[in-house]
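Below is one structure; the comments refer to it alone.
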Amino acid sequence: MSAITATPTFTRSIPSNIGRQTWFARSVRAEWIKFWTVRSTVWTLVATVVVMVGISVLAAWGSTVEAVDPGSSMNTAQLLSAGYQVAQLVVAVLGVLTITGEYSTGMIRSTFAAVPRRVNVLAAKVLVLSAVVLAVSVVSMALSYVATLPWQDELGAKLDLTDPETLRMTVGLPLYLMAIALFAFALGALLRHSAAALTAVIAMLLVVENVLMIIPLRAIELISPFLPSTAGRRVLFDTEMLTATDAVTAGTGLAPWVGFGVLMVWVLALGAVAAVLLRRRDA
Amino acid sequence: MIETHGLTKRYGSTTAVDHMSFTVQPGLVTGFLGPNGAGKSTTMRMIVGLDSPTDGKVTVNGRRYSEHRAPLHEVGALLDAKAVHTGRTARNHLRAMAATHGIATKRVDEVVEMTGLATVADKRVGGFSLGMGQRLGIASALLGDPQTLILDEPVNGLDPEGVLWVRNLTKYLASQGRTVFLSSHLMSEMALTADHLIVVGRGRVLADAPVSDVIAGAHGSKVRVRSPRADDLEELLRRSGAGVTSAEAGLLEVTGRTAEQIGDSAAAARLPLHELTTVGSSLEDAYLQLTADEVEYHSTQVGIPTATGAEPAIQGASR
């Protein structure tokens with residue numbers, strides 16, 4: 001350990017712009033720094049891009065190999081969102097770790113000592129996480145578009161954003177991934193434990209929803225369409241896919257944006273419970 | 001200034017902090033002394049609003065911690081050396097903390113220098129030793145240049161040089177008129193650092209007084225006297241009401257008199273002295289007496305009563 005030389009010097013007025021920025025702006029700034037100074041977040045973002053682009057390319061290539069109907073045209077938006085099932089798991093991990101990483105390391109105590117208005121911290125984290133996931137999804141889609149160009153002609157695929165359905169699918173993907181990241185974040189804030197929250201989120205996305213969907217009980221058939229991912233992912237489906245999905249399930253066929261709205265209600269409800277508990281519980 | 005009024009924290013049926021009322025004054029180093037499990041850390045967490053009291057109230061500079069507009073400028077706290085994300089570098093941790101209060105990067109560099117972290121500031125905290133973690137905790141506490149400092153076991157894990165540094169730093173901060181509240185279970189450290197002591201056991205305040213008063217209040221502090229005329233001296237001291245025992249010929253152990261009083265009496269009676277020693281760390285005796293009935297975890301009898309210079313026989317995890 002190096003020698004401690006200086007007698008500490010204190011200037012009573014240290015440079016600070018406390019008055020000029022709001023609490024929230026400063027919290028966001030702090031959360032932004034925290035977000036980018038941990039390696040795991042950078043790696044999960046890289047993984048999101050790789051997964052999204054990689055699966056899009058595989059889907060494009062696979063479709064040309066076994067092109068069923070040469071005459072039909074394919075919607076490129078569907079190609080771009082081909083990797084959503086894997087990508088949602090990656091952003092879910094990111095969402096969970098954003099908050100549980102602080103609990104597992106004890107960082108949360110430093111955070112709340114600096115910002116006693118804990119809901120501010122939660123809101124700042126939500127903003128940073130949402131912005132980053134949206135940005136990374138858009139970048140991934142752009143890269144997927146470029147990467148699948150060699151196959152697009154052959155597939156008759158085109159990206160026509162004036163078509164309402166294409167626009168909805170294109171805009172829907174970043175929003176869907178953001179919502180899943182926030183859903184995972186809210187569960188992380190509730191459970192405060194990385195392993196528990198990751199298990200809960202992944203079990204929900206991969207197991208619970210898919211299993212419930214195939215149980216032929218009336219009660220479950222009524223609930224199933226309203227589960228977070230089942231409802232939310234409908235913004236990613238084209239009409240053909242929506243019809244096919246509704247054909248195998250007996251429940252309500254939610255309109256795509258209504259489905260996404262249901263997912264957001266889940267996010268808000270969990271987030272509200274997390275915020276209330278956050279204020280009440282000892283850090 | 002920190003004020004607690006009837007501060008209480010219960011976890012289920014366990015009472016960690018039991019109606020504690022005390023005031024920590026500015027301009028002094030106040031030691032918060034007690035065995036593990038006495039409620040020191042819980043109290044400190046309640047001061048900075050991390051844990052909410054079951055009952056009672058605690059204020060810092062007249063307000064609840066959470067009511068301060070810029071808490072880091074009011075109170076700097078080292079609560080837990082590990083309250084840092086292990087994947088982040090020390091400097092980035094401090095930058096993020098600084099950002100919450102709009103504190104300039106220049107100040108981050110200052111506290112890094114001040115705490116001797118310059119060479120490791122860009123390494124990730126996960127690889128830090130306990131001592132480096134403590135230095136980072138102290139750096140965070142100093143970041144906002146606060147009027148009040150709360151340091152929970154700050155010398156824990158520090159090397160001798162670091163211990164000395166913390167001692168000088170806390171005294172220096174208090175000399176500037178700041179409030180310094182320092183917890184420890186090491187009375188030897190407190191004897192050297194603190195001006196005032198709040199001794200706690202099982203969540204209750206056992207003593208709240210200047211260090212010298214706490215020591216004076218201890219019974220059984222002994223003075224060892226060696227004299228070729230021990231018998232005459234014993235006679236003299238007994239007549240004056242002091243307690244005297246003799247372990248061996250020519251050696252007396254005197255209670256109820258200070259070394260000065262005994263020396264003066266001996267000189268007045270023209271009795272030669274070959275040794276005159278106050279036995280043991282008196283603060284330690286005082287502390288052990290105060291907390292004798294209050295320790296939560298008694299170890300199975302390893303020579304407690306006159307633990308001179310030895311660790312008190314108190315075991316168990318803190319918190």
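The values are calculated or read from the model by the stated rules, or taken from the named source; none is laboratory data. Quick caveat: nothing in here was measured; it's all calculated off a predicted structure. So basically every Cβ, Gly included, is an ideal-geometry build from the backbone, and we count neighbours across all protein chains shown.
Observations
- Of all the numbered requirements in (1) in a loop (DSSP other than H, G, I, E, B); (2) more than 7 Å from every other protein chain (Cβ to nearest Cβ); (3) small (Gly, Ala, Ser), B:GLY31 misses one, and that requirement is (1).
- Total residues in the stretch B:139-164, condition facing chain A (nearest Cβ under 10 Å), assigned to a helix (DSSP H, G or I) and closer than 24 Å to B:GLU74 by Cβ: 3
- Boolean, B:LEU197 is more than 20 Å from B:VAL111 (Cβ to Cβ) and in a strand (DSSP E or B): yes
- In the stretch A:21-64, residue surrounded by the fewest Cβ atoms within 10 Å (Cβ to Cβ) [restricted to those that are among the hydroxyl-bearing types (Ser, Thr, Tyr) and within 13 Å of another protein chain (Cβ to nearest Cβ)]: A:THR22
- Yes/no for B:ASP208 being farther than 20 Å from B:PHE22 by Cβ and out of contact with any Lys or Arg (no Cβ under 9 Å at 6 or more places or on another chain): no
- If you go through the stretch B:167-183 and pick out every residue that is touching a strand residue (DSSP E or B) at 6+ places or on another chain (Cβ under 8 Å), buried (at least 21 other Cβ atoms within 10 Å of the Cβ) and part of a helix (DSSP H, G or I), you end up with 3.
- Out of B:THR43, B:THR59, B:THR89, sole residue that is at pLDDT 95 or above, touching a strand residue (DSSP E or B) at 6+ places or on another chain (Cβ under 6 Å) and at the interface with chain A (Cβ under 8 Å from one of its Cβ atoms): B:THR89
- Which numbered condition B:LEU72 fails, given (1) closer than 19 Å to B:VAL180 by Cα; (2) free of Cβ contacts under 8 Å to residues at least 40 places away in the same chain: (2)
- In the stretch B:108-121, the qualifying residues are those that are part of a loop (DSSP other than H, G, I, E, B) and farther than 16 Å from B:MET97 by Cβ, and the one that is farthest from the other protein chains (Cβ to nearest Cβ) is B:VAL120.
- For the stretch A:242-256, residues that are at pLDDT 85 or above and either surrounded by 15 or more Cβ atoms within 10 Å (Cβ to Cβ) or in contact with a Phe, Trp or Tyr (Cβ under 8 Å, 6 or more places away or on another chain) (or both) total 3.
- Condition check for A:ARG234: farther than 16 Å from A:VAL96 by Cβ and more than 14 Å from every other protein chain (Cβ to nearest Cβ): yes
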